[in-house]
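Please read the structure below before turning to the comments.
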Amino acid sequence: MDLDVGNRRVFNRLGGPSAAPTDSSKQQKVCYHWRAGKCTRFPCPFLHRELPHPSGPTTANGSGAPKRFADDSGFSGPVPRRGPNFNNNHNNSWGKMGANKVVKKTEKVCNYWVQGNCNYGDKCRFLHSWSLGEGFTMLNQLDGHQKVVSGIALPAGMDKLYTGSKDETVRALDTNSGQCMGVINLGGEVGCMISEGPWLFVGIPNVVKAWNTQTNQELSLSGPVGQVYTMFVGNDLLFAGTQDGTILAWKFNTVTNSFEPVASLKGHTLAVVSLVVGANRLYSGSMDHSIKVWNLETLQCLKTLTEHTNVVMSLLCWEQFLLSCSLDQTIKVWVATENGNLEVTYTHNEDHGLLNLRGMHDSESKPVLLCACNDNSVRLYDLPSFSERGKIFAKHEIRAIEVGPGGLFFTGDGTGFRVWKWTEPIATS
């Protein structure tokens, strides 16, 4: 039997709680050797059971009462990454779940199973799987990169998937067979990679590489100082966040068939590591712990948000909301106020720092948020309730998540990348 006590999982051996002595002479301290599963003393002067939690049972939201679900209005849009048409209607269903529905604590992957030498098999109290939860399944696991995968992209109309890595290469894979079709050596670590139409953009130190996957045209966009950590396309502009805190913008010139620089946005004091566009605004997250809001037409900074206390690692626009995640172990949901400012309408707390956010819909068209954490996992949450759908595990930090067509999504870590798919619900009579 597995017990959740705080952040510790302990194994209650057969006869633990029921056979625990109640003699007042027994010390109120849990036996260290019992916890390790190797106590040989009988009788043992210490407890062979866990002490009750002083604050009573809690749910994942940190309170004794289970979260309750309100309506899910505002999350029926078909395009997860579209801009938020911010309005003044505060959605009060964030972080609430159905009556009597409590988020279950997820399991831990067996370290011995990961190494291929667990002797307990089905009797092991830890998880022998790279995922936990229902409704999705892993289709394939592909290796090849020597270091962490930092970008995954699927250019439109192509039968190839591209992965970029800290090993200074980009690999092209056939989407049908999974076979590697070619390797591009870049001479610099890939900081990020995106696709827009037929174009593939790869950020490496001091330059952005651009390839037209249909014509094989290759361009080098100069201007970045240091690593390019993030890119996003919006309003026909390519934006890139760089190590020196600058955001660079290029526009494609159809006459010269090239990308021309149009602006350099300054304001952040440290590296820009996340960008997103929505509602005629550009949002930028930085290592300086702030989010800046830029007018997409004038490219002027409108406001600075400072509610996070650590690096703002990822930003996501979904319907009328802006979502941000940080190494401060929080996901914040922002909404516009009547005076045009942005305020936090809900904060979701995690036990670990957050690295990446992606939004998609499952096989039943329900909105789901994918959150990569720095404990080598991805959490999957229903929106807007933040009820947990499942968890994906890896040997290393998952630095890249990408959404594909037909319910596919991809995760990349230090061992390669995995292909996942939402499964169709089982029909019931």
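For the reader, a short list of remarks on this structure follows.
- Those residues of the stretch 392-406 which are open to solvent by 20 Å² or more (accessible area, probe 1.4 Å) and assigned to a strand (DSSP E or B), in sequence order: GLU402, VAL403
- Of residues in the stretch 281-292 being among the hydrophobic types (A, V, I, L, M, F, W, C) and crowded, with 24+ Cβ neighbours inside 10 Å, the one nearest to CYS371 (Cα to Cα): ILE291
- Residue ranges of strands (runs of 3 or more DSSP E) in the stretch 293-377 with at least 3 members crowded, with 17+ Cβ neighbours inside 10 Å and within 18 Å of the chain's Cα centre (by Cα): 312-318, 321-326, 330-336, 354-361, 367-373
- Subset of the stretch 361-394 [farther than 23 Å from VAL273 by Cβ and either among the aromatic types (Phe, Trp, Tyr) or in contact with a helix residue (DSSP H, G or I) (Cβ under 6 Å, 6 or more places away or on another chain) (or both)]: PHE386, PHE393
- Hits in the stretch 221-236 (condition: surrounded by fewer than 19 Cβ atoms within 10 Å (Cβ to Cβ) and free of Cβ contacts under 8 Å to residues at least 60 places away in the same chain): SER222, GLY223, VAL225, GLY226, VAL233, ASP236
- Flag if PHE239 is surrounded by fewer than 20 Cβ atoms within 10 Å (Cβ to Cβ), free of Cβ contacts under 8 Å to residues at least 60 places away in the same chain and not in a loop (DSSP other than H, G, I, E, B): no
- MET138 vs. criteria closer than 18 Å to PHE409 by Cβ and open to solvent by 10 Å² or more (accessible area, probe 1.4 Å): yes
- Applying the set (1) farther than 26 Å from ASP159 by Cα; (2) assigned to a strand (DSSP E or B) to GLY226 leaves exactly one unmet item: (2).
- Hey, ALA249 more than 24 Å from LEU154 (Cα to Cα), open to solvent by less than 10 Å² (accessible area, probe 1.4 Å) and either in contact with a strand residue (DSSP E or B) (Cβ under 9 Å, 6 or more places away or on another chain) or not hydrophobic (A, V, I, L, M, F, W, C) (or both) or not: no
- Test set (1) touching a His at 6+ places or on another chain (Cβ under 9 Å); (2) part of a loop (DSSP other than H, G, I, E, B) - GLY188 fails condition number: (1)
The values are calculated or read from the model by the stated rules, or taken from the named source; none is laboratory data. Bear in mind the structure is a predicted one, so any value in this text is a computation, not a measurement. We place every Cβ from the backbone using ideal geometry, glycine too, and count neighbours over all the protein chains shown. Side chains are part of the model used for accessible areas, which takes the heavy atoms of the whole protein and leaves out ligands, DNA and RNA. Shrake-Rupley method; radii C 1.70, N 1.55, O 1.52, S 1.80 Å.
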